[in-house]
């Protein structure tokens with residue numbers, strides 16, 4: 001299983017761009033990179049997923065370099081409502097029918113006024 | 001669609017009591033999961049199911065049991081509750097057609113064992 005390393009916490013201010021980097025040095029060829037967001041007292045919510053290069057949706061962008069040993073979640077112009085825990089996950093979800101996704105401790109992002 | 005629903009939202013148990021956490025999804029998803037999340041930690045997989053009648057253990061199955069008699073429901077049974085089972089329990093589901101599909105999570109059940 002590919003292990004991920006991400007900062008424990010980050011602080012930002014409203015209107016700034018936030019970049020959260022995740023390291024996954026032993027990522028396998030078939031692994032996807034996925035980010036989830038979790039607000040207090042709620043279940044995690046899917047944000048974005050990618051395999052290589054850059055992926056963008058209405059919420060965030062995901063940058064993946066050619067070697068895929070790291071990835072960066074970019075949140076443009078954050079607001080107070082973006083305060084949450086962000087999880088980076090690496091894995092193939094249903095190889096052999098088993099969920100190989102591991103949720104680590106995540107990155108606690110605090111957005112200040 | 002209501003998505004993934006869980007009941008109850010909160011529960012306090014005494015040591016040795018038993019209970020069932022309910023989980024229902026209305027998205028016709030074939031895969032369902034139970035996770036637990038301890039304070040300040042990530043989620044740990046307890047059990048999962050790939051379809052009605054098929055279940056398997058995750059990372060931390062001890063002290064729990066599951067069943068999957070229908071596509072919609074995936075109850076989690078706690079037998080002989082212990083303080084170590086104090087946690088927030090999340091149910092999730094997904095529909096698998098490719099190597100990866102996003103998981104949809106329920107709102108969680110906060111369980112305290114005293």
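Laboratory data are not the source of any read-out in this text; all were calculated from the coordinates shown. Just so we're clear, the structure is a prediction, and the values are computed from it rather than from any experiment. Every residue, glycine as well, gets a Cβ built from its backbone with ideal geometry; the counts of neighbours run over all protein chains shown.
One Cα centroid belongs to region A:1-72, the other to region B:7-54; the line between them spans 25 Å. Extending 7 Å from the Cα toward the beta-carbon at both residue A:46 and residue B:56 defines two label points whose distance is 2.0 nm. For peptide A:79-91, the mean count of partner chain Cβ atoms within 10 Å of a residue's Cβ comes to 1. What base-10 log of the normalised intensity I(q)/I(0) is obtained for chain A from the Debye formula, alpha carbons as equal point scatterers, at q = 0.11, 0.15, 0.18 Å⁻¹? Here log10 of I(q) over I(0) equals -0.33, -0.61, -0.86.
Restricting the calculation to Cα atoms, the protein assembly as shown shows an Rg/Rh of 0.98 when the hydrodynamic-style radius is the Kirkwood one. Taken along the Cα-to-beta-carbon direction at a fixed 7 Å, the label points for residue B:79 and residue A:77 span 5.6 nm. Restricting to chain B, what percent of DSSP beta bridges are antiparallel, rounded to 5? So the antiparallel bridges in chain B amount to around 90 percent. The relative contact order of chain B comes to 36 percent, based on Cα pairs under 8 Å that sit 6 or more residues apart.
With Cα atoms as the point set, chain B shows a radius of gyration and Dmax of 13.4, 43 Å. Treating r as the C-beta distance of residue B:70 and residue B:10 and R0 as 25 Å, the FRET efficiency rounds to 0.45.
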